[in-house]
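Below is one structure, written out as structure tokens; comments come after it.
The values are calculated or read from the model by the stated rules, or taken from the named source; none is laboratory data. Source: prediction; values computed, not measured. Don't worry about glycine lacking a Cβ; one is built from the backbone with ideal geometry, like all the others, and counts go over all protein chains shown. Remember, those area values only see protein heavy atoms, side chains included, never the ligands or the DNA or RNA. Shrake-Rupley method; radii C 1.70, N 1.55, O 1.52, S 1.80 Å.
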Amino acid sequence: MSSFFFLATFSFIYGNAVLPTEASHHVYRNLQSLTSEYSNQPYRTAYHFQPPKNWINDPNGPMRYKGLYHLFYQYNPKGAVWGNIVWAHSVSKDLINWTPLDHAIFPSQPSDINGCWSGSATILPGGKPVILYTGIDPMKNQVQNLAYPKNMSDPLLREWVKSPKNPLMAPTIANKINSSSFRDPTTAWLGKDGYWRVIIGSKRNTRGMAILYKSKDFVNWVQAKHPLLAAQGSGMWECPDFYPVLNKTPFAIGVDTSVNGDDVMHVLKVSLDDTKHDHYLIGRYNIAKDIFVPYNGFEDNQFVLRYDYGKYYASKTIFDDGKNRRILFGWVNESSSVADDINKGWSGIHAIPRAIWLHKSGKQLVQWPIQEIESLRVNPVNFPTKVLKEGELLQVPGVTAAQADVEISFDVNEFEKAEVLKSWTNPQILCGKKGAAVKGGLGPFGLLVFASEGLEEYTAVFFRIFRYQHKNLVLMCSDQSRSSLYKDNDMTTYGTFVDVDPLHEKLSLRSLIDHSVVESFGAEGRACITSRVYPTLAINDKAQLYAFNNGTANVKMTQLSAWSMKKAKIN
């Protein structure tokens, strides 16, 4: 145990330019086929989904079929930057260990000859899976295509056949659809009128929209007279997702995508190309008018929620009928430079799949790592209840700190020491100004992960409590400002306010730590922040893990449980 304040000079904050994610498909034509021979790989993950090499982005068409989970994903078989995109394919029994198969969908007909971009799977009556996906045609138009299994009796679904009627949906002069912004069809849902419905992301100027199509037979699609939802000024809506969530106990039970009624609310998620974040709206689906009516819209920017307040994009959910839950898959891109990605020979991972459901308040969603990830836990370390005093550091020994799962909870009561927040501030900016090194009143307190022995490097995930308009306001941050001595990375600090009342609830934090990624879940999944970091000292067995308190108020640590994580069998 030693003093947090004196072990490191925490007042120095590095300014770092934000590197954009590659969801807009930045084209590096001279780099698209470069490969790298690599051996020393401290940043490759041990239990997150990634291929052995090359570029990966959006999760596509996840489904459960004949007892197996299928995950397709955007993949460049020739290099570590975006390009040459195909649908790669892996299968799993448990969503943790994955076996690779041959590529499922790749350019082979005019409607996708220039690329097979994102899409979704739908299970038709009789259990037949089909895939709708975006293809790039010879004119570089974005069009929608259909594929189905060649052999329904094959549980691995190794071969896929494309419809001879492709493309099924396309921009025309008559429909005035933007031919360069028309992509990523959702899982379809079946209405009581017998029509299938699907939405596709688009924009017209800066007006983002979810274009709605209807079909009786899943082949002949007709555009509806109006989008499911549109919002001026929001820009392109990539990778939309539209699904119901149960609005009664037990909330965590998932429901099929076609379910509607008084007991469900609906969620519309869109990946905003302009911000590179996954935003979601909660509301009601009006069947009579075929429109989604959100409780808060994009016009009221402060209330547009996000799945994750760090690096997390192009996500997609499925209803898992095997365990009656809805599962969320998401892409986590790199924070390193393109040159570094090429040098290490790969780019991109997927987040740990998350169960997702409506919070009992009805105001937001809750996310939690799927239970299966706990099968990798070994060698548990548990601490008794302990008061962390001002400036205190508590090392967590006996854990592989670069490959771990940690749960910690705090009780706070010295609310009179909370800093006063005079005006509403963007939480990410607030986290940047008041990082772990900045001493506060009630906080910062939480975890230091990927910490080097002398604390030259660490990533801090923590809470800080403010007094705002006579109420307690909880800020959750992931502070990467000292994550690496190598400065050619995006080390943006992330943050969000958490809808939790610390007067009546414990403040809980869970972090999944895996070599170059930290997925953190605050207040039992009410806030999520994913970070990519690349330490130079705190790698492999040199990484250390701490609990800390850098506030003047004491905080009681009511739980600290940590596990080393076994390596999953992935691809």
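Tabulated values for the structure
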{"read-out": "Hits in the stretch 415-469 (condition: within 29 Å of Ile539 (Cα to Cα), small (Gly, Ala, Ser) and part of a strand (DSSP E or B))", "value": "Gly443, Gly446, Ala451, Ala460"}
{"read-out": "Some residue of the stretch 458-469 being within 20 Å of His515 (Cβ to Cβ) and basic (Lys, Arg)", "value": "no"}
{"read-out": "Boolean, Leu507 is in contact (Cβ under 8 Å) with a residue 60 or more places away in the chain, among the hydrophobic types (A, V, I, L, M, F, W, C), open to solvent by 10 Å² or more (accessible area, probe 1.4 Å) and touching a Phe, Trp or Tyr at 6+ places or on another chain (Cβ under 8 Å)", "value": "no"}
{"read-out": "Selection count, the stretch 319-355, where residues are over 14 Å from the mean Cα position of the chain (by Cα) and on the phi < 0 side of the Ramachandran plot", "value": "19"}
{"read-out": "Lone unmet requirement of (1) assigned to a loop (DSSP other than H, G, I, E, B); (2) open to solvent by 20 Å² or more (accessible area, probe 1.4 Å) for Arg64", "value": "(1)"}
{"read-out": "All positions within the stretch 102-116 that are within 18 Å of Asp154 (Cβ to Cβ) and among the small types (Gly, Ala, Ser)", "value": "Ala104"}
{"read-out": "Selection within the stretch 391-416 - among the charged types (D, E, K, R) and surrounded by fewer than 18 Cβ atoms within 10 Å (Cβ to Cβ)", "value": "Glu407, Asp411, Glu414, Glu416"}
{"read-out": "Residue ID - most open to solvent (accessible area, probe 1.4 Å), chosen from residues in the stretch 160-178 that are in a loop (DSSP other than H, G, I, E, B) and without any contact (Cβ under 8 Å) to a residue 24 or more places away in the chain", "value": "Ile173"}
{"read-out": "Residue under evaluation Met63, criteria (1) of a type outside the set (Lys, Arg); (2) within 24 Å of Ser153 (Cα to Cα); (3) more than 18 Å from the chain's Cα centre (by Cα), criterion not met", "value": "(3)"}
{"read-out": "Verdict on Pro51 being part of a loop (DSSP other than H, G, I, E, B), closer than 29 Å to Asp320 by Cα and modelled with pLDDT of 95 or more", "value": "yes"}
{"read-out": "Selection from the stretch 259-294 of residues that are farther than 11 Å from Val245 by Cα and among the polar types (S, T, N, Q)", "value": "Ser271, Thr275, Asn286"}
{"read-out": "Residues that are surrounded by fewer than 18 Cβ atoms within 10 Å (Cβ to Cβ), within 18 Å of Gln428 (Cβ to Cβ) and hydrophobic (A, V, I, L, M, F, W, C), drawn from the stretch 277-304", "value": "Phe303"}
{"read-out": "Residue tally, condition of a type in the set (Phe, Trp, Tyr), out of contact with any Leu (no Cβ under 6 Å at 6 or more places or on another chain) and buried (at least 18 other Cβ atoms within 10 Å of the Cβ), over the stretch 444-489", "value": "3"}
{"read-out": "Residue satisfying all of: in the stretch 545-562; open to solvent by 40 Å² or more (accessible area, probe 1.4 Å) and not hydroxyl-bearing (Ser, Thr, Tyr); nearest to Glu334 (Cα to Cα) among these", "value": "Gln559"}
{"read-out": "Of the criteria (1) part of a loop (DSSP other than H, G, I, E, B); (2) open to solvent by 10 Å² or more (accessible area, probe 1.4 Å), which one Leu101 fails", "value": "(1)"}
{"read-out": "Qualifying residue in the stretch 338-346 (condition: surrounded by 22 or more Cβ atoms within 10 Å (Cβ to Cβ), assigned to a strand (DSSP E or B) and of a type in the set (Phe, Trp, Tyr))", "value": "yes"}
{"read-out": "Top-ranked residue of the stretch 107-146 - restricted to ones that are of a type in the set (Ser, Thr, Tyr) and either in contact with an Asp or Glu (Cβ under 7 Å, 6 or more places away or on another chain) or not in a strand (DSSP E or B) (or both), ranked as surrounded by the fewest Cβ atoms within 10 Å (Cβ to Cβ)", "value": "Ser108"}
{"read-out": "Pairs where the first residue, in the stretch 441-463, is under 23 Å from Ser561 (Cβ atoms) and the second is among the basic types (Lys, Arg) and open to solvent by 10 Å² or more (accessible area, probe 1.4 Å), C-beta under 6 Å, 6+ apart", "value": "Tyr458/Arg482"}
{"read-out": "Members of the stretch 106-160 found to be of a type in the set (Val, Ile, Thr) and within 22 Å of Thr187 (Cβ to Cβ), listed by number", "value": "Thr122, Ile123, Val130, Ile131, Thr134, Ile136, Val143"}
{"read-out": "Ser520, sole failed condition from (1) touching a Phe, Trp or Tyr at 6+ places or on another chain (Cβ under 9 Å); (2) within 16 Å of Tyr312 (Cα to Cα); (3) not in a loop (DSSP other than H, G, I, E, B)", "value": "(1)"}
